[in-house]
Amino acid sequence: MEKFYKSKYGNVYYDLSGPEDAPVVIFLHGVGMDHRTFEKQKESLHDQYRILLIDLPGHGSSSIENYDKRYSILTAECLEGLMDKEGIDKAVLVGQSLGSFISQRFLLKSPERVIATAHIGGTEFKSYTGSWAKAFIPITMGMIHIMPKKTFYNAFGRHKADSVETQEYLIEATKNTGRKLIAAITKDMLHEIIEGIPEPEYRHLMISFGEKELSFIRKNSVKWHEKTPGSVLVEIKGANHIANQDNPDRFNEALKNFLESINQ
């Protein structure tokens, strides 16, 4: 059922489907995108699980207001309010890129409400550099703003996806979101990668990445897995950063296996 949740940060669009008494799986998309990136996951899982798809604030059909704190923090607050509204006590969180950051932020904030987390093209939410790296953020932001809009949206799609269908979706979705918001969220993400957050207590953890993913993310995914006992690491063949959409069959198989292992 498609609905809106009115939060202090805007009206959040969401779609809730599947058996009412089934375990809940919440999908959180990447920057510039919307809930549609997870349609193949919804089709694959909604007979066995209660599926919650969300347009993050400012994305898709969701509005954004009072952007007065780091994006991952305000979105985690929105998610908790939405869960309260729908009577969801706890859930599995599946986050792609930005959604991975939000999942980790939510796990730190409300660990009792998280059964497990699964990450797609995400990295451990910790500091990878010294504070000196903040000096390069204005340069990155300047490059984003001076780039012609058409070039920016096309580069966003071509860089992050392998399949033509996923690339076309990314270009269309990011145009809808707009460069201004994408740049603001990217700036927040860069600050958070440099600063890090306290390490959440991971229970069940799945880490996945596309075989054509950036080297930085691939290497740190392996390190994250090696340091976390009982975690699952999955490489998705024929996929780039948006691995769940580039190769949905392989990703769905891995996610189903992970969810079944939790139930066991």
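The values are calculated or read from the model by the stated rules, or taken from the named source; none is laboratory data. None of the values given here were measured: they were computed from a predicted structure. Cβ placement follows ideal geometry from the backbone for every residue including glycine, while neighbour counts extend to all protein chains displayed.
Scanning the stretch 1-41 for residues that are touching a strand residue (DSSP E or B) at 6+ places or on another chain (Cβ under 9 Å), assigned to a loop (DSSP other than H, G, I, E, B) and either among the aliphatic types (A, V, I, L, M) or more than 18 Å from ILE171 (Cβ to Cβ) (or both) yields MET1, GLY18, PRO19, GLU20, ASP21, ALA22, PRO23, MET33. Right, GLU43: surrounded by fewer than 19 Cβ atoms within 10 Å (Cβ to Cβ), of a type outside the set (S, T, N, Q), free of Cβ contacts under 8 Å to residues at least 40 places away in the same chain and within 22 Å of ILE236 (Cβ to Cβ) or not? Judged against the criteria, GLU43 is a match.
Those helices (runs of 4 or more DSSP H) of the stretch 160-264 in which 2 or more residues are more than 19 Å from GLY99 (Cβ to Cβ) occupy 164-177, 179-195, 215-227, 248-263.
Filtering the stretch 15-33 to residues that are surrounded by 23 or more Cβ atoms within 10 Å (Cβ to Cβ) and either at negative phi or modelled with pLDDT under 95 (or both) leaves VAL25, ILE26, PHE27, LEU28, HIS29, GLY30, VAL31, MET33.
For the stretch 162-171, indicate whether the set of residues that are of a type in the set (A, V, I, L, M, F, W, C), at pLDDT 80 or above, surrounded by fewer than 16 Cβ atoms within 10 Å (Cβ to Cβ) and more than 28 Å from LEU108 (Cα to Cα) is non-empty. Within the stretch 162-171, one or more residues are of a type in the set (A, V, I, L, M, F, W, C), at pLDDT 80 or above, surrounded by fewer than 16 Cβ atoms within 10 Å (Cβ to Cβ) and more than 28 Å from LEU108 (Cα to Cα). Look at the stretch 59-85: where a residue is over 17 Å from THR177 (Cα atoms) and a partner is surrounded by 18 or more Cβ atoms within 10 Å (Cβ to Cβ) and among the charged types (D, E, K, R), sitting 6+ places away or on another chain with Cβ atoms under 6 Å, you get ARG70/ASP188; ALA76/ARG105.
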